[in-house]
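Trainee: Below: one structure in structure tokens.
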Amino acid sequence: MQISPSILSADFANLERELDRIGNADWAHVDVMDAHFVPNLTLGLPVVEALRKVSPIPLDCHLMIEDPDRWAPSYAEAGAGSVTFHVEAAQDPVRLARALRSAGARAAMALKPGTPFAPYEDLLPELDMVLVMTVEPGFGGQSFMADQMPKVRQVREAVRRHGGEIWIQVDGGVSASTIEQCAEAGADVFVAGSAVYGADDAAAAVDRLRELARSHTH
């Protein structure tokens, strides 16, 4: 059970300090948005390169961008430990996943709430993680979509069938009140933004979320 706090909810003017607040987390979730694939613009490669130098934990880069085939491998080369592309935006997901792995990152595929998993199940052998979005990508602070839990279950069953060490991540509205149903459905990596960074003690919030997830493991 891994916790990946989203720095989208952090203080962008003090990111080094904000990363230190979550040093007990497993990953730092970095949302890259290009104002094309999603209607928001956040940060890109130069910031990721700078974060990697100061982060006490590995970076989990979630690329909500057009043309990930062209741009995603650079994030792996910049030292991100895990790079997630949106399957809706990828031209050649197999080639892209292989490029990410060969650049030294874990390769992950993200699905928007409206995107079914079944057409992409055959990509599992190329992947290290599947991200099931539990909000529409593009903005932090949205409320959790419980109707995505059947999709999480479906991915978990497919992973069991295929075998291999494939993680299942949920992102969007994950908090102390929603993380248990995500764990029950089969998720094992949890992105939390405001639930961590909105707390006075971010590290304590990370520990609490991990504890709740562990107590409801699938």
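The values are calculated or read from the model by the stated rules, or taken from the named source; none is laboratory data. Values in this document were obtained by computation on a predicted structure and should not be read as measured data. Glycine also receives a Cβ, built like all others from the backbone with ideal geometry; neighbour counts cover every protein chain displayed. These area figures cover heavy atoms from the full protein model, side chains too; ligands, DNA and RNA do not enter into them. Shrake-Rupley method; radii C 1.70, N 1.55, O 1.52, S 1.80 Å.
Trainee: Can you work out which of the residues in the range 73-88 that are surrounded by 24 or more Cβ atoms within 10 Å (Cβ to Cβ) and not hydrophobic (A, V, I, L, M, F, W, C) is farthest from residue 54 (Cα to Cα)? Write out each step before concluding.
Mentor: Filtering the range 73-88 for residues surrounded by 24 or more Cβ atoms within 10 Å (Cβ to Cβ) gives 75, 80, 82-86.
Within this subset, residues satisfying the condition of being not hydrophobic (A, V, I, L, M, F, W, C) are 75, 82, 84, 86.
Values: 75: 16, 82: 17, 84: 21, 86: 27 Å.
Selected residue: 86.
Trainee: Scan the range 177-195 and give yes if some residue there is free of Cβ contacts under 8 Å to residues at least 12 places away in the same chain, assigned to a loop (DSSP other than H, G, I, E, B) and either within 20 Å of residue 26 (Cα to Cα) or out of contact with any Pro (no Cβ under 8 Å at 6 or more places or on another chain) (or both), otherwise no. Let's see the steps before the verdict.
Mentor: Here is the first cut: in the range 177-195, the ones free of Cβ contacts under 8 Å to residues at least 12 places away in the same chain are 177.
Then keep just the ones that are assigned to a loop (DSSP other than H, G, I, E, B); that gives 177.
Now narrow it down to the ones that are either within 20 Å of residue 26 (Cα to Cα) or out of contact with any Pro (no Cβ under 8 Å at 6 or more places or on another chain) (or both): 177.
So far as the range 177-195 goes, yes, one or more of its residues are free of Cβ contacts under 8 Å to residues at least 12 places away in the same chain, assigned to a loop (DSSP other than H, G, I, E, B) and either within 20 Å of residue 26 (Cα to Cα) or out of contact with any Pro (no Cβ under 8 Å at 6 or more places or on another chain) (or both).
Trainee: If you scan the range 90-125, which residues turn out to be open to solvent by 10 Å² or more (accessible area, probe 1.4 Å) and either modelled with pLDDT under 95 or under 23 Å from residue 149 (Cα atoms) (or both)?
Mentor: Correct list: 112, 113, 114, 115, 116, 118, 119, 120, 121, 122, 123, 125.
Conditions tested, residue by residue: (1) under 16 Å from the mean Cα position of the chain (by Cα); (2) surrounded by fewer than 16 Cβ atoms within 10 Å (Cβ to Cβ); (3) in contact (Cβ under 8 Å) with a residue 60 or more places away in the chain; (4) in a helix (DSSP H, G or I).
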site	(1), (2), (3), (4)
131	yes, no, yes, no
144	yes, no, no, no
161	no, yes, no, yes
170	yes, no, no, no
173	yes, no, no, no
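Trainee: A follow-up question, please. In the range 12-31, what residues are in contact (Cβ under 8 Å) with a residue 60 or more places away in the chain, among the acidic types (Asp, Glu) and farther than 19 Å from residue 169 by Cβ?
Mentor: The answer is 18, and nothing else.
Trainee: Quickly run through the range 58-72 and pick out the residues that are open to solvent by 20 Å² or more (accessible area, probe 1.4 Å) and over 22 Å from residue 136 (Cβ atoms). Let's see the steps before the verdict.
Mentor: As a first pass, look at the range 58-72 and keep what is open to solvent by 20 Å² or more (accessible area, probe 1.4 Å): 58, 66-67, 69-71.
Listed by number, the residues that qualify are 58, 69, 70.
Trainee: Shifting gears a bit: Among the residues of the range 29-51, are any open to solvent by 10 Å² or more (accessible area, probe 1.4 Å), more than 20 Å from residue 192 (Cβ to Cβ), part of a strand (DSSP E or B) and of a type outside the set (D, E, K, R)?
Mentor: Within the range 29-51, one or more residues are open to solvent by 10 Å² or more (accessible area, probe 1.4 Å), more than 20 Å from residue 192 (Cβ to Cβ), part of a strand (DSSP E or B) and of a type outside the set (D, E, K, R).
Trainee: Please count how many residues of the range 149-159 are surrounded by 22 or more Cβ atoms within 10 Å (Cβ to Cβ) and either within 23 Å of residue 206 (Cα to Cα) or of a type in the set (Ser, Thr, Tyr) (or both).
Mentor: Residues in the range 149-159 being surrounded by 22 or more Cβ atoms within 10 Å (Cβ to Cβ) and either within 23 Å of residue 206 (Cα to Cα) or of a type in the set (Ser, Thr, Tyr) (or both): 1 in total.
Trainee: Which residues, taken from the range 36-57, are closer than 15 Å to residue 140 by Cβ and touching a Leu at 6+ places or on another chain (Cβ under 9 Å)? It would help to see each step written out before you state the result.
Mentor: Residues of the range 36-57 closer than 15 Å to residue 140 by Cβ: 38-43.
Across the range 36-57, the qualifying residues are 42, 43.
Trainee: Then there's this: Which pairs turn up if I take residues in the range 204-218 that are farther than 11 Å from residue 182 by Cα and look for partners that are among the small types (Gly, Ala, Ser) and not in a helix (DSSP H, G or I) with beta carbon separation below 7 Å, at least 6 apart in sequence or on another chain?
Mentor: 205/199; 206/25; 208/176; 209/176; 209/192
Trainee: Additional query: All but one of (1) outside any helix (DSSP H, G or I); (2) touching a strand residue (DSSP E or B) at 6+ places or on another chain (Cβ under 8 Å); (3) charged (D, E, K, R) hold for residue 136; which doesn't?
Mentor: (2)
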